[in-house]
Amino acid sequence: RTHLVSYSLLKLKGGRANSMSIQDYYADLDELFGEIKAETKKGKIDELLSEADEIVGQIKIEIASITNPNEKKEALSKTSSYEKKIQAYKRKALLGPQDDSADGGQKLSSVDKSKQGLAKLNGAREMLAETEEVGTKVLSDLAIQKEVIKRSTKTMKETNQELSMAQKLANKMSRWWRA
């Protein structure tokens, strides 16, 4: 991910990251996928997946500048496969591995599978509730900010009208005084 770091530095310095090719981004993604496979902490996996999403976003920006239709099609296809891979890792991170073995390769009973599935479902439901709560709070904050902006705009317009009227009076007084 040295390419990603250099891209961030270029961005911070106000430079352009055109020196990176799409192949460099693909190499960064391959390296990230290797780290994701080796990682066991969910938080770190989420962080790596977020970084992978950012790289795919950069690739899409680069693809937009490709003029050769065949190269563009190939890049879009490869990027799509990387996106699918990221989605698979996200699904795996959310739901856990989808294999039927545990504890030395013994098969899980259907009751155990159901309990695990229910636990994952409940966890997802809690996450959804938290997300809804955050979304509601954000919408509320946005509504408040909208009202503040409306009031500020109204005050600004009134102030501009008063300044305009004051300017006109000052001009009239100036003409009257000179006369």
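The values are calculated or read from the model by the stated rules, or taken from the named source; none is laboratory data. If you're wondering where the values come from, they're calculated on a predicted model, not measured in any experiment. Cβ placement follows ideal geometry from the backbone for every residue including glycine, while neighbour counts extend to all protein chains displayed. Heads up: the accessible areas ignore ligands, DNA and RNA and are worked out on the full protein's heavy atoms, side chains in. Shrake-Rupley method; radii C 1.70, N 1.55, O 1.52, S 1.80 Å.
Observations on the model:
- Residue-by-residue Karplus 3J(HN,Hα) for region 57-62, coefficients 6.51, -1.76, 1.60, Hz, glycine and proline x: x, 5, 4, 4, 5, 5
- Taking 30 Å as the straight-line reach from the Cα of residue 115, the lysines in range (excluding those fewer than 8 positions away in the same chain) are 37, 41, 42, 44, 84, 85, 90, 92, 107.
- The phi torsions of region 33-47, fed into the Karplus equation with coefficients 6.51, -1.76 and 1.60 and a -60° offset, translate into couplings of 4, x, 5, 5, 4, 7, 7, 10, 7, 4, x, 5, 4, 4, 5 Hz, rounded to whole numbers, with Gly and Pro shown as x.
- By the rule of a C-alpha distance below 19 Å, with chain neighbours fewer than 8 residues away ignored, the aspartates and glutamates paired with residue 157 are 147.
- Computed over protein heavy atoms with a 1.4 Å probe, the accessible surface of region 30-179 works out to 80 Å² per residue.
- Taking label points 7 Å from Cα along the Cα-to-Cβ direction, residue 156 and residue 44 give a separation of 4.8 nm.
- In the context of the full protein assembly, residue 131 retains an accessible surface of approximately 90 Å², using a probe radius of 1.4 Å and ignoring ligands and nucleic acids.
- Full-stretch length increase - residue 149, residue 112 - with 0.36 nm per residue and alpha-carbon distance subtracted: 7.8 nm
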